[in-house]
Structures are given as structure tokens and as C-alpha cells.
Amino acid sequence: MRLKALLVLSLSIVAIALYWFPQPLIVGDYVLGGYPWYAPESSRGAMIAIGAVLTAVFLVLTALMFYISKEMEKLPGNPEPAREEFAW
């Protein structure tokens, strides 16, 4: 269970770092990351505000996920459903 939480944490950190890193990653016609600095000057403030809100949301949801996973580990028994075996 903790492995999934750590995977989500690492993906959240990568997504946040990719957004805030000043050098965009250009893959073909797609621009990944660097949006506040790649945006036109007139909309740069809006992109920074959007980034701040999304960063806060990612961090709050990741912290909530860690809290829930820790609480589920305290429950007696196995809270995850059993795997079904299909024998044909």
C-alpha cells in the first residue's frame, strides 16, 4: 500500500517540478513544462497564479493520500479486495 503512495508522491513532485522549471521540455510539437516563463508577458501572472493553485492542490491531495493510507494500515485485516483467480 505504501508503494502506491510513494509512486503518487514521486509523480506529483515530477509534475510540479516540470511545471515550475524555467526551461520547457519540447517533444515534437508539444511543450511540456516551463509554462509561466513560456507564456506571453501579458498572461505570465495568470500562469503563475494557476501554477500556485495547482501546486497547492497537488500537495494537499498527496498529503491527504498519505494520511488515508496510514489510517488504512492501522485497520485490522486486509482492507484491499482479494484477487480473483480465473481458472478456465
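Readers should treat all values here as calculations from the given coordinates under stated rules, not as data from a laboratory. These numbers come from a predicted model, not from an experiment. A quick note on method: Cβ atoms are made from the backbone with ideal geometry, for glycine too, and the neighbour counts reach across all protein chains shown.
Multiplying the sequence separation of Leu54 and Tyr30 by 0.36 nm and subtracting their Cα-Cα distance, what value in nm do you get? Don't skip to the end; give the middle numbers.
Numbers: separation 24, 0.36 × 24 = 8.64 nm, distance 2.03 nm.
Gain on stretching Leu54 to Tyr30: 6.6 nm.
Give, rounded to the nearest 20 debye, the magnitude of the charge dipole that the chain has about its Cα centre when Lys and Arg contribute +1 at Cβ and Asp and Glu contribute -1 at Cβ. Before the final figure, lay out each step's value.
Numbers: 6 positive and 7 negative charges, 50 e Å.
With only Lys, Arg, Asp and Glu charged at Cβ, the dipole is about 240 debye.
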Worksheet item: Angle between the Cα long axis of helix 2-20 and the longest principal axis of the chain, 0 to 90 degrees, nearest 10?
Response: 0 degrees
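Relative to the present Cα-Cα distance, how much length would full extension add between Met72 and Val8 at 0.36 nm per residue of separation?
21.4 nm
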